[in-house]
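*Asks:* Attaching a single structure in structure tokens format; questions to follow.
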Amino acid sequence: MTPSPGTENGLHPVDHLSPVEIEELAQATRFSGSSSYRDGNPTGIAGPAIMRREGPTHTKEGQVAEHARSRDTTASPDTLWQIWSDPTTWGEWNPDVAQVKLDGPFAVGTSGEMFMTSGRHHKITIESIESGKQFALLATAIPGHPFLFRCEVAATGSGSRVTQGVTVRGPLAGLLSPMMGEKVAEGFVPILNALAKQAESKG
């Protein structure tokens with residue numbers, strides 16, 4: 001699967017923005033007085049034949065909207081979770097991930113690096129896990145404004161629904177979320193399709 005020019009369907013939010021948009025966001029955060037920056041990466045993930053646009057919906061994180069996409073699949077929740085919760089397999093089905101290295105087990109607080117097929121690499125941290133159902137990865141892409149990526153698996157009558165959402169945190173989250181959220185969420189579509197295909201192939 002080949003990403004469109006100037007974009008990358010990976011997990012890092014900046015990968016979905018043009019150079020001009022990135023510079024505009026960098027200027028906005030500089031004006032806010034924020035100076036910290038860490039290269040980070042979220043994780044994106046997937047679901048089947050029906051793609052659903054979920055959001056934006058409000059969260060408790062400063063009432064900033066979460067932007068998400070969902071997909072239905074005939075694969076079982078157990079199969080999807082087995083694939084999704086094993087970062088060593090992400091390079092097999094995610095079109096933009098070459099390799100993921102964690103500094104420990106797939107557990108809350110574990111950090112690591114994601115290496116993209118584009119040659120970029122991003123730091124990731126697992127913030128929460130509800131075994132068999134969902135997990136969240138935190139990455140810092142914009143100075144002082146981490147991105148939280150939520151990945152969820154839910155059972156349906158015909159299989160499962162997988163959902164991936166992104167929430168922007170930080171002092172200018174209310175500004176950045178409407179500017180970036182939906183564009184980032186659109187990048188989840190090919191990832192969710194690939195995850196569903198991988199799970200369905202395993203029966």
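*Asks:* Restricting segment 83-110 to residues that are surrounded by 15 or more Cβ atoms within 10 Å (Cβ to Cβ) and either among the β-branched types (Val, Ile, Thr) or more than 15 Å from the chain's Cα centre (by Cα) (or both), which is nearest to GLY187 (Cα to Cα)?
*Replies:* Here the residue is VAL97.
*Asks:* Hey, ALA196 hits all of (1) modelled with pLDDT of 95 or more; (2) touching a helix residue (DSSP H, G or I) at 6+ places or on another chain (Cβ under 6 Å); (3) crowded, with 24+ Cβ neighbours inside 10 Å but one; which does it fall short on?
*Replies:* Here ALA196 clears every test but (2).
*Asks:* Out of segment 101-114, which residues are under 21 Å from ILE142 (Cβ atoms) and either among the acidic types (Asp, Glu) or modelled with pLDDT of 85 or more (or both)?
*Replies:* Matches in segment 101-114: SER111, GLY112, GLU113.
*Asks:* Six or more apart or on different chains, Cβ under 7 Å: which pairs go from a residue in segment 68-96 that's on the phi < 0 side of the Ramachandran plot and of a type in the set (Gly, Ala, Ser) to one that's part of a helix (DSSP H, G or I) and surrounded by 20 or more Cβ atoms within 10 Å (Cβ to Cβ)? Could you list them?
*Replies:* ALA68/ALA185; ALA75/ALA196; ALA75/ALA199
*Asks:* All but one of (1) under 16 Å from the mean Cα position of the chain (by Cα); (2) without any contact (Cβ under 8 Å) to a residue 40 or more places away in the chain; (3) farther than 24 Å from PRO171 by Cα hold for MET116; state the number of the condition that does not hold.
*Replies:* With respect to (1) under 16 Å from the mean Cα position of the chain (by Cα); (2) without any contact (Cβ under 8 Å) to a residue 40 or more places away in the chain; (3) farther than 24 Å from PRO171 by Cα, MET116 is out only on (2).
*Asks:* From the list VAL162, VAL168, which residue is modelled with pLDDT of 85 or more, surrounded by 22 or more Cβ atoms within 10 Å (Cβ to Cβ) and closer than 17 Å to THR89 by Cβ? If you could, list the steps in order and put the result at the bottom.
*Replies:* On the way: VAL168 fails: closer than 17 Å to THR89 by Cβ.
Going through VAL162, VAL168 in turn, the sole match is VAL162.
*Asks:* Could I ask something else about it? Six or more apart or on different chains, Cβ under 7 Å: which pairs go from a residue in segment 168-191 that's under 29 Å from THR73 (Cα atoms) to one that's among the small types (Gly, Ala, Ser) and in a helix (DSSP H, G or I)? Could you list them?
*Replies:* VAL168/SER177; VAL168/GLY181
*Asks:* Can you pull out the residues in segment 62-92 that are modelled with pLDDT under 95 and touching a Leu at 6+ places or on another chain (Cβ under 8 Å)?
*Replies:* The one that is modelled with pLDDT under 95 and touching a Leu at 6+ places or on another chain (Cβ under 8 Å): PRO87.
The values are calculated or read from the model by the stated rules, or taken from the named source; none is laboratory data. These figures come from a predicted structure and were not determined experimentally. Note that each Cβ is placed from the backbone with ideal geometry, even for glycine, and that neighbours are counted across all protein chains shown.
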